[in-house]
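We did not get these values from a lab; they are worked out from the coordinates using the rules stated. Quantities reported herein were computed from a predicted structural model and do not represent experimental measurements. Glycine gets a Cβ as well: all are built from the backbone with ideal geometry, and neighbour counts include every protein chain shown.
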Amino acid sequence: MELVKGTSPMVDKGPEDTVTAWPHLLLMEILAVLGVTLLLLAMGIFINAPLRELANPDVTENPAKAPWYFLNLQEMLLHMHPSLAGVIVPGAIIVLLMMVPYLDRNKADIGIWFASPKGRRLALIALIYTPPILLGLIFFNEYVVVRSIISQPELIPSWLIPLGVIGFFTGALLFIFRSFKPTFREVLVGLFTAFVVTYFITTIVSTVFRGYGMHLTWPWELPPGALTF
Amino acid sequence: MSRKIIHLITANRVWRSIFRYGYPDTEENRSKVIFQTFFLHIHPVKVKTHTLKPTYTFGLGVIAFYLFAVLTITGVLLMFFYVPSVQRAYTDIQALETAVPFGMLMRNVHRWGAHLMVLFVFLHMMRVFYTGGYKYPRELNWVIGVLLWVFTLLLSFTGYLLPWDQLSFWAITVGTNIAGAAPVIGEEARTLLLGAKEVGQDALLRFYVLHVMLLPLVATVFILIHFWRIRKDGGISSPAEQNLPVP
Ligand code: HEM
């Protein structure tokens, strides 16, 4: 060991905490690479990439869907103003994600999954809390339809109600978290979980549960062009 | 017998000119194999045992990188058979599937690899978040990571138009309409991206150039910085850093 100046992760750590990258790390990497190679080859052999008819600007697809990984945005588009769904919310998520390390500077729980048992519990709460609310909102706007209750002025259904709903349910989740007296990091773990669950559910609903006119359907009743993989 | 064969292969000047060390079963040769091999020297010679716990990283970053590499290779192969023109693009893909040896497999692997990369980059971000891997001194690498996530989505999206079938045409029309919803500059941003008011030849060319040149270059540079920073930040995060002071 050489002398180490200042603070480095290796200070006070004996050489017994390390192993040579060859073969230990390299072996793991090779295993991961082989596994993915097998998976990709199997997929490539058994599932063909889609190719539909030649592009035709005069024949609109119904439903017209973005690629699956943008369908979370398209799902939001059904419920709020396009600027909000397509630009402001995703932009805010990217900026908030980038800000996380500058806000959470406490290293006390680094390297621990979900920070602590309490962090794990908050993640679990968010995991249980988010789906019923999200699905409830989606069903409400499909079968009751916000705009059939109030459509004028436009500002109300496209901006105020969606922002109010997002604000209210985020606030309610934070209120539930408060009773656990969590650290800042534990709150972040819970909030991030709510984001991830929302991200996955909106993607899945819009990908395999929306057919003609982007209305809810069962996956086995989807029209042919509805799967944008 | 096998010893003899190994001796035959390795005990000559050609082999020795490529590998300047013996079989890496001693501490010395194990460090030499890492720092004298171009493709391995990105690794540190020694890693913390904690790094190797499969349930810490799940190998997700490595998998994301490997998928990027596979996509680069299959993508270059696909370029030999594809012309980004509205007259040819669609028939080129048809010909690729029917007339080019392994053309269908090539296209399939490129397509499913792209989807898998979108998925694995997100899973990797989840891993880093939930283990607190973004904390000091790795703030910047997290920010670079978020950008890599965005680049991955854009790479996938620009590639989606290239087959020029109904699926790609309408998916890109809908997708760029979402971008066009930006307040004030939305319409201009959409026109800049498409090179016209609607998806057509100009859009196909722009998406092609973005997909095969600009975005791969940008992503490569950011991935290299990402890896550089991992080394400079002392390798992967671990609980051993918990008591280190944060400036
Ligand atoms: C093209 C996409 C990406 C590639 C190829 C990549 C590759 C890697 C690799 C190989 C590692 C080493 C540890 C591991 O495998 O987990 C790593 C670590 C890391 N990545 Fe990524 N990554 C990508 C995207 C991202 C994203 C989207 C984020 C976050 C938003 C991110 C943030 C980080 C951070 C902060 C570390 C250090 C983690 C720690 O020390 O625990 N990366 N990345």
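Numbers for the structure displayed
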| quantity | calculated |
| --- | --- |
| Relative contact order for chain B, counting Cα pairs under 8 Å that sit 6 or more residues apart, in percent | 19 percent |
| Total charge dipole magnitude, chain B, about the Cα centre, Cβ charges on Lys, Arg, Asp, Glu only, Debye to nearest 20 | 1180 debye |
| Under the span-like rule (Cα at least 18 Å along the axis, Kyte-Doolittle mean at least -1.0), DSSP H helices of chain B | B:60-79, B:103-130, B:139-160, B:166-179, B:215-232 |
| Close Lys-Lys pairs in chain A, where close means Cα under 28 Å and separation is 8 or more or interchain | 6 |
| Computed [θ] at 222 nm, helices only, for chain B once each DSSP H run of length n ≥ 4 contributes -39500 (n - 2.57) | -20500 deg cm²/dmol |
| Cα-centre dipole for chain A with unit charges at Cβ (Lys and Arg positive, Asp and Glu negative), debye to 20 | 700 debye |
| Inter-part distance where region A:207-229 and region B:23-50 are each reduced to a Cα centre, Å | 51 Å |
| Within-11-Å neighbourhood charge of B:Arg229 [Cβ basis; K, R +1; D, E -1] | +1 |
| Mean Cα-pair separation over length for region B:13-118, i.e. relative contact order, pairs under 8 Å, 6 or more apart, % | 19 percent |
| Taking B:Arg111, B:Arg190, B:Arg229 and counting other C-beta atoms within 10 Å, the order from fewest to most | B:Arg229, B:Arg190, B:Arg111 |
| Residues of type aspartates and glutamates that B:Lys135 reaches as a straight line, Cα spacing below 15 Å, ignoring anything fewer than 8 places off in the same chain | A:Asp104, A:Asp109, A:Glu186, B:Asp233, B:Glu241 |
| Tail beyond 32 Å, pair distance distribution of the protein assembly as shown (Cα, percent) | 49 percent |
| Shape category assigned to region B:131-238 from the gyration tensor of Cα positions, a/c cut at 1.5 | prolate |
| Eligible aspartates and glutamates near B:Lys32 by straight Cα distance, threshold 18 Å, same-chain separation 8 or greater | A:Glu2 |
| Chain A, relative contact order in percent, only Cα pairs under 8 angstrom and at least six apart counted | 31 percent |
| Full-stretch length increase - A:Lys181, A:Leu124 - with 0.36 nm per residue and alpha-carbon distance subtracted | 18.9 nm |
| Selected from B:Tyr56, B:Tyr21, B:Tyr134 as most flexible by GNM, with chain B as the system and alpha-carbon contacts under 10 Å | B:Tyr21 |
| 15 Å cut-off, amide nitrogen to a point 7 angstrom out along B:Gln87 Cα→Cβ, residues in region B:183-216 | B:201-202 |
| Euclidean distance of C-alpha centroids, region A:110-179 and region B:102-131, integer Å | 29 Å |
| Cβ-based net charge around B:Thr74, under 12 Å, with every Lys or Arg adding one and every Asp or Glu removing one | +2 |
| Where Rh is the Kirkwood radius over Cα pairs, Rg/Rh for region B:1-52 | 1.07 |
